[in-house]
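A short worksheet on the structure shown next.
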Amino acid sequence: MAETEQTKVCPLCAETIKAAAKVCPHCHYWQKKWSLRNPRTMQSTSAILMAIVMFGGIVGLGYFFEHLLGPKRDFAQYQDDVRVVNSETNFRTVESNLLVSVVGVLTNQSDFGWKHVGVEAQFFDGNSNLIDVIEAQGEYYSGLEILPRSEASFKIEGHATHKEQDYKSTKVFVRTGEDIHTFP
């Protein structure tokens with residue numbers, strides 16, 4: 001009778017094993033279901049942890065894409081907050097081509113950052129007639145970004161359509177921009 005108190009029957013293979021056995025020596029079935037050393041418990045714990053990580057990743061990706069692709073600000077509403085602080089017109093000759101360039105500084109007084117900021121320079125003769133225009137904007141122009149409440153330098157350049165002495169004055173405008181959080 002003392003022998004039966006020290007043994008038990010394995011619930012999986014029905015073999016008699018010692019009562020203190022953690023694993024059945026015949027079928028290798030773990031006798032305690034919730035032991036942390038039990039491979040089945042470890043598998044289910046790993047599966048739960050993996051599910052939590054995946055859920056967190058999906059939530060994180062959802063937040064990222066909503067932030068990236070969600071509604072964006074229209075630059076036109078904030079265009080007056082992005083201004084040209086100063087600018088300077090320069091000329092240079094490359095081979096036989098006269099190039100006109102404008103360098104300057106923009107300031108952003110808004111609380112939002114902008115990218116693909118389009119800058120346009122208009123050139124006038126001595127009679128205040130518009131004689132040339134150069135611009136930096138569009139799908140091939142991607143350089144200028146300006147952060148909220150900050151300044152950024154710019155340079156735009158193009159082929160001159162008139163002689164250097166015809167260029168008497170320049171006006172520079174900020175024409176376009178995109179919310180810095182738009183994709184791509």
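Going through N97, N127, N90 one at a time, which residue ends up being closer than 28 Å to E151 by Cβ and surrounded by fewer than 16 Cβ atoms within 10 Å (Cβ to Cβ)?
After applying the criteria, what remains is N90.
For the stretch 100-123, which positions are more than 16 Å from V172 (Cβ to Cβ) and in contact with a Ser or Thr (Cβ under 7 Å, 6 or more places away or on another chain)?
Once the filter is applied, which keeps residues that are more than 16 Å from V172 (Cβ to Cβ) and in contact with a Ser or Thr (Cβ under 7 Å, 6 or more places away or on another chain), the stretch 100-123 yields only H116.
The rows are residues; the columns are (1) modelled with pLDDT of 70 or more; (2) among the small types (G, A, S); (3) within 50 Å of the chain's Cα centre (by Cα).
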residue: E3; (1), (2), (3): no, no, no
residue: V23; (1), (2), (3): yes, no, no
residue: W30; (1), (2), (3): yes, no, yes
residue: S44; (1), (2), (3): no, yes, yes
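Consider E15 carefully, then state whether it is charged (D, E, K, R), surrounded by 12 or more Cβ atoms within 10 Å (Cβ to Cβ) and either more than 31 Å from the chain's Cα centre (by Cα) or at pLDDT 85 or above (or both).
So E15 fits the description; yes.
Can we say S153 is of a type in the set (G, A, S) and over 25 Å from F64 (Cβ atoms)?
yes
Output the qualifying pairs, or none if there are none: Cβ atoms under 6 angstrom, residues six or more apart or on different chains, first residue in the stretch 117-131 and assigned by TED's automatic domain parsing to the domain that holds E88, second residue part of a strand (DSSP E or B) and among the polar types (S, T, N, Q).
Short answer, once both residue conditions are applied: G118/T176; A121/T170; F123/T170; F124/S169; L130/Q122.
Looking only at the stretch 153-172, filter to residues that are modelled with pLDDT of 95 or more and closer than 22 Å to T107 by Cβ; which one of those is farthest from the chain's Cα centre (by Cα)?
S169
Does F91 satisfy the condition of being closer than 12 Å to K171 by Cα and at pLDDT 95 or above?
So F91 does not fit the description; no.
The values are calculated or read from the model by the stated rules, or taken from the named source; none is laboratory data. All of these numbers come straight from a predicted model, not from anything done at the bench. Reconstructed Cβ throughout: ideal geometry from the backbone, glycine too, with neighbour counts over all protein chains shown.
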